[in-house]
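This report refers to the structure that appears directly beneath it.
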Amino acid sequence: MRIIKPAWLSHSGEQKDFEVYSCHISPDGKRLATAGGDGHVRVWSTEAIYNAHDPDYTKPRQLCHMSHHLGTIHSVRFSPNGRYLASGADDKIICVYHLDKSPATTTFGTNEPPPVENWKTYKRLIGHDNDVQDLAWSYDGSILVSVGLDSKVVVWSGYNFEKLRVLTVHGSHVKGITFDPANKFFATASDDRTIKIFRFTPPGPNATATDMVNNFVLETTISAPFKSSPLTTYFRRCSWSPDGNHIAASNAVNGPVSSVAIIERTRWDSEINLIGHEGPTEVCMFSPRLFHTVKPDSQDSGVNGAVKGQLVTVIASAGQDKTLSIWNTNTSRPVVILQDLAGKSIADLAWTPDGQTIYAATLDGSVVVVKFDEGELGWVARPEENDRALQKYGASRKGMAIAEDVQGLALENQSKEGESRAVESRMGALMGDATPGECTTKESTTTPMTNGARQPTAAAKPTTNGEAEAGKEAGKEADTRPDNGANKDDEKNKVKEMKARVTVGKDGKKRVAPMLVSSSGTGQSSLPQTQLVGSTSTSKSAQNETPQTTLDLTRPYEGLPKGGISTLLLGNKRKSVAMDDQDLEEPGAKRPANSNSAQAVANNADGSVEPATLVPPQHGIVPTPMFMRPAVLNPAVSFAQARLAVPKIRTHILRPLERGILKDDTTLEEASKTPENIILEAKNDPNPRDPSHVMVTKRGTLLWQEFLPRAVILVTANKNLWCVACEDGSIHTWTPSGRRLLNPIILESQPVILECRDHWLLCITAVGLVHVWDLKSQSSPHPPVSLGPILDIAIMSLNQHSALPGPGVTSAHLNSTGHVIVTLTNGDGFFYARDMYTWQRLSESWWAVGSQYWNSNDTSISALQSTAVGAASSSKDVTKDKDSSEGPTVSSGIIPFLERHTTNEFLLKGRAYALQRIIKNALQRREAEGLEGSVSVAHLENRIAGALQLGAREEFRLYLLMYAKRLGAEGARPKVEELLNALMGGVLQEKPQQQGKTSSGRGWYSEDDEICGWDRKELLKGVVMILGKYRELQRLTVQYARMLDLNLEEASVDAESMDVE
């Protein structure tokens, strides 16, 4: 053992040596940092200290000194990676320094030599109201914790040094802080005579204070060893053992005697006390290494050697009695006692990384070094022994390789069982054993087949784009379908021929060509199919499976002439082309991709414009609709910001009403084929002075009629009302029996779009104003709103003479809650948030080219619903028509419709090339996973926000579970913690200011038992079950599972279910 006390190793001043309050060794052991009463942080070379008695040693002793504090510096600590050095002082400031590679310069006005190293101030952290007493870094460097005389414990990010949390749980000065080497806890010691243990999860580089709301939780408070401890010590520096088993706490008492309390982990009690100091102890410090009691080389190999080679920890303690004591856990007496080591109290201790040398900072201004020889404290164990000792506490294991407790393992198994069932169902569908209808429709009935596969009956017919067909129509098609026996034989023969198909390779050898299972016709794959392919499908089955009773959002507003708004925007002098409307109803390739845009126009040889001819439809010749004249425009259109084309005056408008949904304009012959045969007709007389005629017939019998003084432009209806819009901007409404419901509604200009749903009525006028009325309450949910913001008026006004037109409106609809849904020609989809008086974008091209969840269809429903807990379907779906008898499907909702519209308008029409190039270039410059992953998560969050705003119940649940699964896969603990807390409705949050008041929050911030029509607990169960298999989140999910009373005790735990993934 050598004691080194160089005279130059001090904070000397002109008249006296200043106190040295703190010291610390860098992780590489080459630098010693000291902090003193002179307001300086000094960095020394440890090599120069070890060679202090060698007169031939000429290398620099002091490497650098920093004087960026205005008072006494109480603590100085290197970060675990050695990159930063932090110091805290009585000026309430924490300075973080980093080593700059540029050469240092001499400080003006000082006689000291220029620094060897250039340590510069990187950050100044302001968060304390009084002296900063102690600092500590977590073992992974993710956080820095400071404590002070203001009774605060402040947590800073170790990446960007933002303030993450302020803990005010102590009742007096906090004077010590230490971290658990397993990185699970940290402990703080205070003059309120307690040590408090905090549990924490290491934050990520981008963590914010909002993400850390539920982190840094108080685990326990220890007060027994300190009940009568004196309050005269300057510090209460404590230390955690390198094996994670114990905490050594200074300034404890055992009766009237001062002691060091040894607190055992998990039990958090103190049955061991180190007694021997004559005065209160200020600091205690464990050596960072474990020690063998027997020299490893002399141990016998095998089991006997393991018994002899016991591992012990070494601890040093010092304080006001000026004595340094060294203890180990193998003896009851100190190994070394160094009395009168200094002239005043010892304020801080620091071990070198090899555990063989200790530095002591004293208040007499000196730094004493005690260097032990090999074997004096024991034989240093390899660093792997530290890691092995910490493994039982889950240290240094990313993703938690083992579950922490039985309940966490049970929750994981329950989650995996549900997921394995979903995988089996998807694989069965892939191999032709089942159809997607069996996964998503609980009411489907199956018929067993000889080969073990199940053939769905009419009730479980495969769906197109996730939209289920009505039961009656399915039954009708099943009755009119030819005998399936011959079809099955043909399919078997076809499969047999494909299996036996032989090809000859380049080498002349014959081989049996492989057969793609999903293309054999034996079954329909349930894997996600892209909507791009589905929109151009020409198969007959796709044509026959057009949904009849789901929400009809695939067509633009009814009532405009052929070609929609685009035709009218091109001018009123072109003649429309005769086209069979029935063909427009057919899906796939039979419907033109641009059926909602302008009709085809051809040029004659003489330069005149005439409509292009179309192939006559197979249903017979349909007469060309007659347009009498353009509508008389309101003068307000001339100076309006937004101008929409007004429909022309037609001679005859005829639209059938089927199951409460008004179909497109057609002929009397086709309309009479509908089952209910209810027809709304509007006839305009060629003479403007003669009235127009509105009548409703059922099976040829007149139900009611009325004559109007103005020409009718648009009509709409459902089972609750009839409505027409006239040329003069008036709207007339009637009840189902033909009784006038309201006086004529007078608008500022001519109606362009007229839609209704339930008791809601929507009208968009030529000046771009959107009106919505609730006819049941005879009120409007919001004032008229302009389409200007979504039509890019601000951008287009800068290029008034540009050849590129601005976006146009392709459709406008209402949902069951009266929200306005608008789609544009550029592919974007919007809805109007009436409570916020703003338009919000639900779908756009950015998600189409950047998100991994674009075109994700309904096949994911079965996987998530089988895993989650709670009802998988409900009749309360706000995005489907109320007459639908099938289970709710997400593709019948508004958000999937808007995304399909974006796909059709943006991708299929070749407009995505420029944005795809932007994405490709961005991926080349950055890490691809980071960009795609963040865009995908943002896309899911955008979906959830839209479903919550619209009240889309089923979609909200599906997207929420998809989002939870993605967060679990990425291990985004802050977002998972915030999501679970939000689903609890704020029960776990502190609400001291809201006591006695009713909560005014909505959505995530409401405290109701339901969110978006779902029971919060049921949703929380589903999310917890999905997250249960991710072990890095189990400490969080198990707490919620206990709160929800999930039956984890009786859960089956078997090896097979654990090997699913």
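The values are calculated or read from the model by the stated rules, or taken from the named source; none is laboratory data. Please read these numbers as outputs of a predicted model, since none were measured by experiment. With ideal geometry, Cβ positions are generated from the backbone for all residues, glycine too; neighbour counts draw on all protein chains shown. To get the accessible areas, we keep the full protein, side chains included, count just its heavy atoms, and leave off ligands, DNA and RNA. Shrake-Rupley method; radii C 1.70, N 1.55, O 1.52, S 1.80 Å.
The calculated Kirkwood hydrodynamic radius for the stretch 717-769 is 11.3 Å, given to one decimal from all distinct C-alpha pairs.
Here the peptides 779-785, 663-669 are ranked by packing, the mean other Cβ count within 10 Å, and the order with the highest first is 663-669, 779-785.
Taking a 1.4 Å probe, which of Tyr159, Tyr359, Tyr1005 shows the most accessible area, and what order do the others take after it?
Details: Tyr159 90, Tyr359 0, Tyr1005 185 Å².
Correct descending sequence by accessible area is Tyr1005, Tyr159, Tyr359.
Neighbours of Leu657, meaning other residues whose beta-carbon lies under 10 angstrom from its beta-carbon, give a summed charge of +3 when Lys and Arg score +1 and Asp and Glu score -1. Could you tell me the ratio Rg/Rh of the stretch 681-834? Both radii from Cα atoms, Rh via Kirkwood. For the stretch 681-834, the value is 1.02. Note on Ile272/Val169: beta-carbon distance plugged into 1/(1 + (r/R0)^6) with R0 of 30 Å gives a FRET efficiency of 0.70.
For the stretch 68-198, dividing the convex hull volume of the Cα atoms by the residue count gives 109 Å³ per residue. Taking the square roots of 5 times each eigenvalue of the Cα gyration tensor of the stretch 194-331, largest first, gives ellipsoid semi-axes of 29, 25, 13 Å.
With all projection directions averaged, the alpha carbon convex hull of the stretch 254-391 covers 9.3 nm².
Taking each residue as 0.36 nm, the span from Glu219 to Thr293 lengthens on full extension beyond its C-alpha to C-alpha distance by 23.2 nm. Once the Cβ-Cβ distance of Leu741 and Ala938 is raised to the sixth power relative to R0 = 60 Å, the FRET efficiency obtained is 0.85. A Cα-only calculation for the stretch 115-177 places Rg and Dmax at 12.8, 44 Å.
Residue separation of Val257 and Gln391 scaled by 0.36 nm, minus their Cα-Cα distance, works out to 44.6 nm of gained length. By the scheme Lys and Arg +1, Asp and Glu -1, what is the net charge of all other residues having a beta-carbon under 12 Å from that of Ser258? Every neighbour counted, the sum reads -3. Summarising the amide proton neighbourhood of Thr220: residues at separation of 5 or more, or on other chains, whose placed amide H is nearer than 5 Å comprise Ile197. Peptides 212-218, 1010-1016, 697-703 ranked from most to least packed, by the mean per-residue count of other Cβ atoms within 10 Å: 1010-1016, 212-218, 697-703.
Counting protein heavy atoms only, the stretch 211-280 has 52 percent of its accessible area on carbon and sulfur, 1.4 angstrom probe. Each label point was placed 7 Å from the Cα along the Cα-to-Cβ direction; for Trp704 and Asp1015 their separation is 4.4 nm. Per residue, the stretch 27-69 exposes an accessible area of 44 Å² to a 1.4 Å probe, with every protein chain left in place. When each of the peptides 61-74, 746-759 is scored by the mean number of other C-beta atoms lying within 10 Å of its residues, the order from highest to lowest reads 746-759, 61-74. In this structure the stretch 151-279 gives 36 Å² per residue of accessible area when probed at 1.4 Å with all protein chains present.
Let's test the formula: R0 of 41 Å, r as the Cβ-Cβ distance of Met695 and Ser786. What FRET efficiency results, to the nearest 0.05?
Details: r = 35 Å, r/R0 = 0.86.
The computed FRET efficiency comes out at 0.70.
For the stretch 955-969, 3J(HN,Hα) computed residue by residue from phi via the Karplus equation (6.51, -1.76, 1.60; θ = phi - 60°) reads 5, 4, 5, 4, 5, 5, 5, 4, 5, 5, 5, 5, 5, x, 5 Hz, glycine and proline entered as x. Distance between the modelled labels on Ile337 and Thr121, one decimal in nanometres: 4.6 nm (7 Å Cα→Cβ projection). Spin-label model, Ile3/Asp1008: points 7 Å from Cα along the beta carbon direction are separated by 7.6 nm. Summarising the overall dimensions of the stretch 323-389 from its C-alpha atoms, the Rg and Dmax are 13.6, 41 angstrom.
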